[in-house]
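One structure below.
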Amino acid sequence: MTWPAEAVPDGTVLAPHHATLGLLAALVALLIVWDDDPDREPVGAFAGVLVALVGFLLVWPAHPVVGAVLTHAGAVVALVALLRPGFGFALGPRVVATVSVLVALDDVVEHAWAVPTPLDSGWHVLGPWSSTALFVVAVVAAAVALGRSGGENHA
């Protein structure tokens, strides 16, 4: 077996992958809290998400092994930074960023390891219309969670 299982995820990284959507959503959540406490910016999580995005979108298609490693590593760094004790930012953005990175990892694992993942399996069971409806509900819930944070530090 070669690794990653897909040299280019689904033949193009420009398709609407939930890896890309999840990482972009995490960036939005992190940017919302960026200036809440100048002494504790979410630099580790932000850097991890950026590394994962660059790995997935720019590196993976040209150098699959390096891109897959960067994507995995970036997502794991982001999760560790988000889940460490004392993260100190509003719960809404922290939950949205964490769930968003987990959504991205679901896609990354599926493309790199060729194993069924929960979201990918759900897509196949529910079909595109129901899956899209659930996605819209999740986006609305995330927007509500981010909106309620009010950009204030609720540590």
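The values are calculated or read from the model by the stated rules, or taken from the named source; none is laboratory data. Since the model is a prediction, treat every value here as computed from it, not as a measurement. To get the accessible areas, we keep the full protein, side chains included, count just its heavy atoms, and leave off ligands, DNA and RNA. Shrake-Rupley method; radii C 1.70, N 1.55, O 1.52, S 1.80 Å.
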Tell me, what does the Kirkwood hydrodynamic radius of the range 1-88 come to in angstroms if you use every pair of distinct C-alpha atoms? 13.5 Å
What percentage of the solvent-accessible surface of the chain, computed with a 1.4 Å probe over protein heavy atoms, is contributed by carbon and sulfur atoms? 74 percent
Using θ = phi - 60° and the Karplus curve 6.51 cos²θ - 1.76 cosθ + 1.60, what whole-Hz ³J(HN,Hα) does each residue of the range 6-17 get, with Gly and Pro shown as x? 10, 4, 9, x, 6, x, 7, 7, 7, 5, x, 6
Å² per residue, accessible surface of the chain at 1.4 Å: 53 Å²
Take the Cα atoms of the chain, build their convex hull, and give its volume per residue in Å³. 102 Å³
Taking Cα atoms of the range 66-141, Rg/Rh with Kirkwood Rh, to two decimals? 1.02
